[in-house]
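The values are calculated or read from the model by the stated rules, or taken from the named source; none is laboratory data. Nothing here was measured: the structure is a model prediction, and the numbers come from that model. Glycine gets a Cβ as well: all are built from the backbone with ideal geometry, and neighbour counts include every protein chain shown.
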Amino acid sequence: MTAHCVADFRCALGEGPCWDPRDGRLWWVDIVGRKVHWFEASTGETGSLDPDEQITALGLRRAGGFVAATAAGAGVFDPQSGRFSLLYPTPNEHPGNRSNDGNVGADGSFWFGSMHNEASERSGAVFQVKPDWSGRAVVRDWGITNTLRTSLDGRQLYVADSLEQTLYRYDIGDDGLSGQQVFAQTRGQAATPDGSAVDCEGYLWNAQWDGWRIVRYAPDGSLDRIIPMPVQCPTSCSFGGPDLKTLFVTSARDGLTPQQLEAQPQAGGLFALSVDVAGSPPLYFEG
């Protein structure tokens with residue numbers, strides 16, 4: 001498996017890849033650059049939008065457009081107009097926080113997280129937003145929220161605290177999250193769990209910041225395989241393409257020295273690689 005750069009946007013902090021089968025495009029964001037980008041898989045065309053808010057995560061919305069996360073909360077992003085409409089304001093957020101990763105879950109919720117903008121405090125939270133746009137913070141005092149992917153049956157949630165270099169797994173219940181377990185961790189390594197995707201076999205594919213790699217974890221947390229990347233800081237991944245056997249990977253340039261960037265000039269680009277297992281079907285938020 002070899003990753004190739006398909007969109008050399010050189011994002012400061014590329015994140016939140018989201019495959020949309022409706023238009024055959026992979027959508028993602030540059031959090032620091034405050035952009036929304038797209039790549040059309042069949043033609044190789046690309047484009048960029050300038051949203052009116054700093055969007056950090058996107059999820060498919062059944063009624064059109066995207067459910068999205070911002071520092072103010074969750075709402076609807078319309079790619080035609082570039083406008084974001086806030087529908088769930090996050091309660092009791094630390095003034096130094098911003099939103100981070102987020103995804104639509106198999107349980108029907110939009111899960112997203114917050115973090116301190118300088119990653120210097122454990123002021124982050126994990127939020128669950130339901131299709132009626134009611135929501136709640138289900139975890140507080142988090143470091144850097146990432147992954148936020150559900151198991152195939154929607155009964156468990158995977159959440160990375162990148163500040164702890166740890167992936168956790170929770171049970172999803174009517175009262176929120178319970179049964180926290182360490183799913184995998186990279187403490188002591190030059191690799192930090194970041195964003196993830198789930199395949200049709202229930203395995204978790206995790207992009208690892210500073211690790212030059214994507215790691216596939218089995219449902220029991222054991223390491224299944226390591227896929228090397230040509231950039232130091234892959235940030236997240238999403239399955240796409242007509243057969244869902246293309247893994248798209250976002251990456252970042254933020255924090256790299258001029259010497260490091262010279263060695264990896266496509267850092268911040270969007271990468272794609274063909275894989276031998278399909279991703280789980282795209283999920284839509286019904287709100």
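For segment 103-110, does any single residue satisfy the condition of being of a type outside the set (Gly, Ala, Ser) and part of a loop (DSSP other than H, G, I, E, B)? Scanning segment 103-110, I find at least one residue that is of a type outside the set (Gly, Ala, Ser) and part of a loop (DSSP other than H, G, I, E, B), so the answer is yes. Per the listing Asp276, Asp254, Asp224, the residue uniquely assigned to a strand (DSSP E or B), out of contact with any His (no Cβ under 9 Å at 6 or more places or on another chain) and either modelled with pLDDT under 95 or among the acidic types (Asp, Glu) (or both) is Asp224. The set of residues in segment 80-90 that are under 11 Å from Asp52 (Cα atoms) and crowded, with 19+ Cβ neighbours inside 10 Å contains only Phe84. Just a yes or no: is a residue in segment 119-128 at pLDDT 95 or above, buried (at least 22 other Cβ atoms within 10 Å of the Cβ), among the aliphatic types (A, V, I, L, M) and more than 25 Å from His94 (Cα to Cα)? No, because not a single residue in segment 119-128 is at pLDDT 95 or above, buried (at least 22 other Cβ atoms within 10 Å of the Cβ), among the aliphatic types (A, V, I, L, M) and more than 25 Å from His94 (Cα to Cα). In segment 271-285, the condition of being surrounded by fewer than 19 Cβ atoms within 10 Å (Cβ to Cβ), of a type in the set (Ser, Thr, Tyr) and within 24 Å of Ala69 (Cβ to Cβ) is met by at least one residue.
Collect the residues in segment 245-287 that are farther than 15 Å from Ala7 by Cα and within 17 Å of the chain's Cα centre (by Cα), keeping them in residue-number order. Hits for segment 245-287 are Asp254, Gly279, Ser280, Pro281, Pro282, Leu283, Tyr284, Phe285. Pairs meeting the criteria (first residue in segment 136-154 and buried (at least 16 other Cβ atoms within 10 Å of the Cβ), second residue charged (D, E, K, R) and not in a strand (DSSP E or B), beta carbons under 7 Å, at least 6 apart or on different chains) are Trp142/Arg122; Gly143/Arg122; Gly143/Glu164; Thr150/Asp107.
If the condition is being among the charged types (D, E, K, R), out of contact with any Lys or Arg (no Cβ under 8 Å at 6 or more places or on another chain) and over 23 Å from Pro282 (Cβ atoms), then segment 126-182 contributes Arg136, Arg140, Asp161, Asp174, Asp175. Taking segment 3-48 as the region of interest, the strands (runs of 3 or more DSSP E) fully inside it that hold 2 or more residues being buried (at least 16 other Cβ atoms within 10 Å of the Cβ), at pLDDT 95 or above and aliphatic (A, V, I, L, M) are 4-7, 25-30.
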